[in-house]
Amino acid sequence: MLDAIMSPEREYRYFSFDSESGPDQSLASMDNGSGDEYSITFTGSGVFLRSFTHEAPLSPWVQDPPALWPGILAGLPAELTALAREPAFAPDDSVPAITVALWRQPGDGQWHYGRISYPPVRENQYSDFDGSDALFAQLDGRAERLPRICQLVLRAPAACRCGCGGHRALPAYRGTRQRYQSRAIIP
């Protein structure tokens, strides 16, 4: 919510949430403005999480011609396929910007992912192949980290102290999380 107050124009926000991004669909997203992003789409058919780290070895653009990393969407249920092929996530209207894909349907006991063969690690090489270590660090559920994330993103320490202190979850996300917990989508 604080990100929306500090950045009224959606395209300049680090975090965004749209409770009505489509029919029976909500979208939580992050865009750091430097080519790294993620989106978490909630639907009645399940949840699809996709992220893209532009420097990750699994980037579609490390191949010529650009293509999704082999196996990254293997096993994705048909009900969620359209979410992975969303045109908004294909910057040049061709291949989707995906280095991580996770999904979960109602009744699933765990998150699922494709069958990926990671490239071998070379000395002094980027070892976070899909970029998930850095991108998802702020999603660890630890509320005490919110003020620091707020300061890094908004660069407004005073607003961050009063906007984040003591809250266990951001209000915009709390209702959606509770709604999907009741459907056993989010553990």
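What to note about this one:
- Cβ-Cβ under 6 Å pairs, at least 6 apart or on other chains, the range 81-96 side touching a residue at least 40 places away in the same chain (Cβ under 8 Å), far side surrounded by 16 or more Cβ atoms within 10 Å (Cβ to Cβ) and charged (D, E, K, R): none
- When F48, F42 are checked against the criterion of being at pLDDT 90 or above and either closer than 22 Å to Y118 by Cα or of a type in the set (G, A, S) (or both), F48 stands alone in meeting it.
- Taking each residue of the range 63-76 that is on the phi < 0 side of the Ramachandran plot and looking for partners that are loosely packed, with under 13 Cβ neighbours inside 10 Å and among the charged types (D, E, K, R) with beta-carbon atoms closer than 7 Å, six or more apart or interchain, yields A74/R115.
- Any chance L58 is of a type outside the set (F, W, Y), surrounded by 14 or more Cβ atoms within 10 Å (Cβ to Cβ), at pLDDT below 95 and in a helix (DSSP H, G or I): no
- Check on L73, of a type in the set (A, V, I, L, M, F, W, C), at pLDDT 95 or above and under 17 Å from S132 (Cα atoms): yes
- Residue match in the range 94-116 (condition: surrounded by fewer than 14 Cβ atoms within 10 Å (Cβ to Cβ), closer than 23 Å to A137 by Cα and of a type in the set (A, V, I, L, M, F, W, C)): yes
The values are calculated or read from the model by the stated rules, or taken from the named source; none is laboratory data. What you see is a predicted model; the values in this text were computed from it and never measured. Heads up, the Cβs are rebuilt from the backbone with ideal geometry, glycines too, and the neighbour counts pull from every protein chain shown.
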